[in-house]
Structures are given as structure tokens and as C-alpha cells.
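The values are calculated or read from the model by the stated rules, or taken from the named source; none is laboratory data. Since the model is a prediction, treat every value here as computed from it, not as a measurement. Here Cβ is always computed from backbone atoms with ideal geometry, including for glycine, and neighbour counts include all displayed protein chains.
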Ligand code: A2P
């Protein structure tokens, strides 16, 4: 069975607690990265920054992987940013979706990269690598982020410059948006670096924090637990190394039920 069969009514196979949504748009950025948009069920509520399980029927079986929702909670559609893993159980199929196809989505969103998990502060850093930028694509388009923070800094580090295009597009779109454009133009900044080809800033974000390059580029003081808050999303190693650095600078990790100065979430791979 493929996704077209599902649309044709073989819905017996769809697991309980699952929405069946229609693809409205797909954009391929590189050979490894693409974004897609889905219809949004009227009953589906989430907080900007959360993730949900996305899946496809592959043969007789549903295959699900966690995906951060990249669109803000007010958007009438849902957006996701995905890597294409060669032979990845889900993404080898998901990368082929086209408008009109259907995708499965579990009904319950969850996650720690939410504004509620941070105590108030002046500046919010969103540190990401690769597809870890996805939850921040949601948060930078949410007015609540700008109500809570006067300076919002999104960082993305990727191997190649072409991998930064999605974040650059989303930031440009946020600044042009009728709802949050004015706030985003005043308060949002994007800092990008690459590690495997030339770019104005090169190096891992951890290196650029440690040697002060990041703060110099942004013209801000070094990390300070009195004013600075952070969210981290990337590979396990990136999260661990960035978390260690933040803790060294006096910031403590928070959670939904225990807001503090920073929160972390692993970037999911398909
Ligand atoms: P590098 O090229 O030096 O490994 P990946 O595609 O492997 O997920 O990596 C995405 C980006 O994250 C790359 O630029 C990579 O740099 C960087 N990265 C990998 N590991 C870490 C880490 N432990 N701390 C910070 N950045 C990392």
C-alpha cells in the first residue's frame, strides 16, 4: 500500500489517534533537505516549538518519526523541515511526497522548546545545527516570543552554506509578515556559520561562543544568567557541548514544570 491507496479509502490500516492530512506544498532546498506543508486539523492545538509524530504507511505498516512543527501555532497549515536520509525508514519515502498526497500525524504534540519553560529575560538565544532549526522557525513567527524577549537571536550552523537557506527564508518571511513583521524586524537577528566550506563566519557554534566571535558579531555582552535565556536543538553531541558551555556561564536547565534559563531538545532525524 502506498499513500495514494490510503487516500483512496484504505483507512482501516490507519492507527488510532492519528490524523490523515493532505500535503499542500513541498520545497526541496538541497539534495538532503526539504520542507513540506500539511493541512491542519481544526482540533489540533500545539505550542510553538513543540514536536509531533509524522508518518506514512509503508506497505501494511505505519512508520512514524518525531518532527518539530516549524510553523507557528497561529498558522492555518502545518510546516515541517526534514532531512532526506538515504535508506531512512521514513524519509526515503517522505522525500517523494507531492501536493495532494496524504501524511499521517499523531494527535498529541509535546516538547520542551517552549516559551513557558523559560523564566523571563532580556535576550533569547536559539542555538541550532542542521534541521534543529525547525522548532525555532515556529518560535520566531510567534508574537509571544517577542512579548517575552526584546532581543531574539537565532543561530544555525551547518556543514555547507546551501543548508542555511531554509532559515534565511523563514527569517526573511518573518520580517515581512503582516502579523509579526514589525516586531521581528526590530528584535530578530539570524547568525549563521558553516563548518565545511567558506562563509562569513566559520566554525561550530560552541567554538564561536567560547572564543567570543558570536558576541562580537552581534555586539552583545557575553552570556549572563541575569539577562540571557537559551534554547538548544541539534545533534546529541552539539546539545551536550552547548549545554556544558551554558552551565559554565551560570545558566541552569529548565523544563515545562520547572522553568529556568535554558532548555534543550534533540533534533530528530528521519
Ligand atoms: P562539523 O562539520 O565540525 O562536524 P551534522 O550534519 O553532522 O549534524 O552537523 C551539523 C553541524 O553541527 C555541522 O556544522 C557540525 O560541525 C556541527 N556540530 C557537530 N557536532 C557538534 C558539536 N558537538 N558541537 C557543536 N557543533 C557540532
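Some notes on this structure:
- Residues in the stretch 224-248 that are over 22 Å from residue 85 (Cα atoms), in contact with a strand residue (DSSP E or B) (Cβ under 8 Å, 6 or more places away or on another chain), touching a residue at least 12 places away in the same chain (Cβ under 8 Å) and outside any strand (DSSP E or B): 227, 242, 243, 246.
- Search result, residues across the stretch 134-162 that are within 14 Å of residue 194 (Cα to Cα) and crowded, with 24+ Cβ neighbours inside 10 Å: 155, 156, 157, 158
- Among the candidates 91, 112, 131, 145, residue that is closer than 24 Å to residue 213 by Cα and in contact with a strand residue (DSSP E or B) (Cβ under 8 Å, 6 or more places away or on another chain): 131
- Being within 16 Å of the chain's Cα centre (by Cα) and in a strand (DSSP E or B) is a description that does not apply to residue 73.
- Elements of the type helices (runs of 4 or more DSSP H) sitting completely within the stretch 107-197 and holding at least 1 residues that are within 15 Å of the ligand (Cβ to nearest atom): these cover 134-139, 165-176.
- Residues of the stretch 54-84 that are farther than 19 Å from residue 180 by Cβ, free of Cβ contacts under 8 Å to residues at least 60 places away in the same chain and surrounded by fewer than 21 Cβ atoms within 10 Å (Cβ to Cβ): 58, 59, 60, 61, 62, 63, 64.
- Of all residues making up the stretch 208-223, the number that are in contact with a strand residue (DSSP E or B) (Cβ under 9 Å, 6 or more places away or on another chain) and within 16 Å of the ligand (Cβ to nearest atom): 5
- Extreme residue, surrounded by the most Cβ atoms within 10 Å (Cβ to Cβ), among residues of the stretch 249-270 that are at pLDDT below 95 and part of a loop (DSSP other than H, G, I, E, B): 267
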